[in-house]
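K.L.:
This is the structure I want to talk about, given as structure tokens.
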Amino acid sequence: MKLYGWMTVAALALIAARGVGSSTADDEPERAVPDGPLGDAVRLGKDLVERTSTHPLTKPYVGNVLNCTSCHLDNGENPEAASFIGVASAYPAWSPRDGRVITLEDRISNCFMRSCNGVSPPLGSRASVALAAYITWLSTDAPLRMNPKSPHGPNAVKPLKIAAESADLTRGKAVYAEKCADCHADDGTGRKKTPPVWGPRSYNQGAGLAKPDQLAAWLKVAMPLDDPDLTDQEALDVAAYVDSHDRPPFNIQDHPPAASKLGEYDSEAGSPKP
């Protein structure tokens, strides 16, 4: 297994081969990209998902080396590995973590602050809107079902049917050494084309994947890349081992944008507004 096909050569090849308008699932319909500026926003959003940590529009808001497609495989078009397909149909949604009803842009903001260990892009900014446009496009024809329980779409990763308390770090270390270290290094810092799974350049303690049960559920459907075959126990053990290591702390006060950038309105005139 490659613990995370997050930026493997194989993943990049798959991404390059699939243009906007394609689908990874045989039963997924072909989606037509809208004409004009809206289509441009959709295409930009996909580019930002793929190159979040390096694209000029999103790089200032990322504090590690992860991209959206690091977790949302195939630029969110993978039907199981944190899929974006249908996600927009769940919003606005109640978020127990935030203690309020949130929008899709709010959820995107959370990913920047937590998984990307960065700063929230201003709501209404070009980057935030483009990402929301792309995710909404991937929800074409999905029935609108606002989620009153949690901000999860219809294809959310399903929890494993195994007690989190059964995780064993010793077994997890063995699974990591056998199936993950070749790509992500013995010390978890990653290699040139594969990102770190712990340490200062990985997701922080506020990310969903920093919880072993959530990471295990993702590993179960995502790894190895294109041919996931971990047992529930292996997924939980290696998730617990990965998450037992140091990673950046999370303090929500450190991650919002500056007060002057809490919101932006993008128009050709271009003046930011609160």
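K.L.:
Compute the angle between helix 104-113 and the longest alpha-carbon principal axis of the chain, please, reported from 0 to 90 degrees and rounded to the nearest 10.
P.N.:
Result, in degrees: 50.
K.L.:
Could you sort Tyr241, Tyr61 by their accessible area in this structure, using a 1.4 Å probe and putting the largest first?
P.N.:
My answer, sorted largest first, is Tyr61, Tyr241.
K.L.:
Out of the total accessible area of the chain (probe 1.4 Å, heavy atoms of protein only), what percent is carbon and sulfur?
P.N.:
55 percent
K.L.:
Measuring from label point to label point, each 7 Å out along Cα→Cβ, what is the Lys158 to Glu30 span in nm?
P.N.:
Distance between the two pseudo-spin positions: 3.1 nm.
K.L.:
OK, next. Along the Cα→Cβ direction, 7 angstrom out, place labels at Leu169 and Lys211. What is the inter-label distance in nm?
P.N.:
Roughly 2.1 nm, to one decimal.
K.L.:
At 0.890 mPa s and 25 °C, plugging the Kirkwood radius over alpha-carbon pairs of the chain into Stokes-Einstein gives what diffusion coefficient in µm²/s?
P.N.:
The calculation lands on 129 µm²/s.
K.L.:
Still on this structure, I have one more. How far is helix 169-179 tilted, in degrees, relative to the longest principal axis of the Cα atoms in the chain, given as a value from 0 to 90 rounded to the nearest 10?
P.N.:
80 degrees
K.L.:
Still on this model: Can you give me the relative contact order of the chain as a percent, contacts being Cα pairs under 8 Å and 6 or more apart?
P.N.:
In percent, rounded to a whole number, it is 23.
K.L.:
For the stretch 90-102, in order, what is each residue's ³J(HN,Hα) by Karplus, 6.51 cos²θ - 1.76 cosθ + 1.60 with θ = phi - 60°, in whole Hz (x at glycine and Pro)?
P.N.:
3J(HN,Hα) across the stretch 90-102, in whole Hz: 8, 10, x, 9, 6, 10, x, 5, 8, x, 7, 7, 10.
K.L.:
Give the aspartates and glutamates reachable from Lys158 as a straight Cα distance under 13 Å; neighbours fewer than 8 places away on the same chain don't count.
P.N.:
Glu80, Asp213, Asp232
K.L.:
With a ≥ b ≥ c the root eigenvalues of the C-alpha gyration tensor of the stretch 49-96, is it rounded (a/c under 1.5), prolate (a/b larger than b/c) or oblate?
P.N.:
Here the stretch 49-96 falls in the oblate category.
K.L.:
Using only the Cα atoms of the stretch 45-124, build the gyration tensor, take square roots of its eigenvalues as a ≥ b ≥ c, and label the shape rounded, prolate or oblate: rounded if a/c is under 1.5, else prolate if a/b is larger than b/c, else oblate.
P.N.:
Since a/c reaches 1.5 but b/c is at least a/b, the shape of the stretch 45-124 is classed as oblate.
K.L.:
In the stretch 129-274, if the dipole is taken from +1 on Lys/Arg beta carbons and -1 on Asp/Glu beta carbons about the Cα centre, which of Ala235, Ser260, Phe250 is farthest to the positive end?
P.N.:
Positive-end residue among those listed: Ser260.
K.L.:
In deg cm²/dmol and to the nearest 500, what is the mean residue ellipticity at 222 nm of the chain if only DSSP H runs of at least 4 residues count, each as -39500 (n - 2.57), divided by the residue total?
P.N.:
The per-residue figure over the chain is -9500 deg cm²/dmol.
K.L.:
In whole Hz, with x marking every Gly and Pro, tabulate ³J(HN,Hα) for the stretch 155-165 from phi via Karplus 6.51 cos²θ - 1.76 cosθ + 1.60, θ = phi - 60°.
P.N.:
Running phi through 6.51 cos²θ - 1.76 cosθ + 1.60 with θ = phi - 60° gives 10, 4, 4, 7, x, 6, 8, 8, 5, 4, 5 Hz.
K.L.:
For the chain, find the longest principal axis of its Cα atoms and tell me its angle to the long axis of helix 232-243, 0 to 90°, nearest 10.
P.N.:
Approximately 70 degrees, to the nearest 10.
K.L.:
For Arg126 and Val101 in the same chain, what is the full-extension length gain: residue separation times 0.36 nm, less their Cα-Cα distance, in nm?
P.N.:
Separation in residues times 0.36 nm, less the Cα-Cα distance, equals 6.7 nm.
K.L.:
Turning to a different aspect of this structure: Pairs to check: Lys46/Lys211; Lys46/Lys192; Lys46/Lys193; Lys59/Lys211; Lys149/Lys173; Lys161/Lys261. Give those whose C-alpha atoms are more than 31 Å from each other in this structure.
P.N.:
In this structure, Lys149/Lys173; Lys161/Lys261 lie more than 31 Å apart at Cα.
K.L.:
Rounded, prolate or oblate: which fits the stretch 94-159 when a ≥ b ≥ c are the square roots of the eigenvalues of the alpha-carbon gyration tensor, with rounded for a/c under 1.5 and prolate only if a/b beats b/c?
P.N.:
oblate
K.L.:
Given H placed on each backbone N at 1.01 Å, which residues far from Val101 in sequence or on other chains put an amide H within less than 5 Å of it?
P.N.:
Ser95
K.L.:
Could you go through the stretch 246-263 in sequence order and give the Karplus-derived ³J(HN,Hα) for each residue, using 6.51 cos²θ - 1.76 cosθ + 1.60 with θ = phi - 60°, rounded to whole Hz, and x for Gly and Pro?
P.N.:
Values, residue by residue: 5, 8, x, x, 10, 10, 3, 5, 8, 10, x, x, 4, 4, 6, 10, 5, x Hz.
The values are calculated or read from the model by the stated rules, or taken from the named source; none is laboratory data. Quick caveat, the model's predicted, so the values are computed rather than measured. Note that each Cβ is placed from the backbone with ideal geometry, even for glycine, and that neighbours are counted across all protein chains shown. Accessible surface is based on the protein model in full, side chains and every heavy atom, while ligands, DNA and RNA are left aside. Shrake-Rupley method; radii C 1.70, N 1.55, O 1.52, S 1.80 Å.
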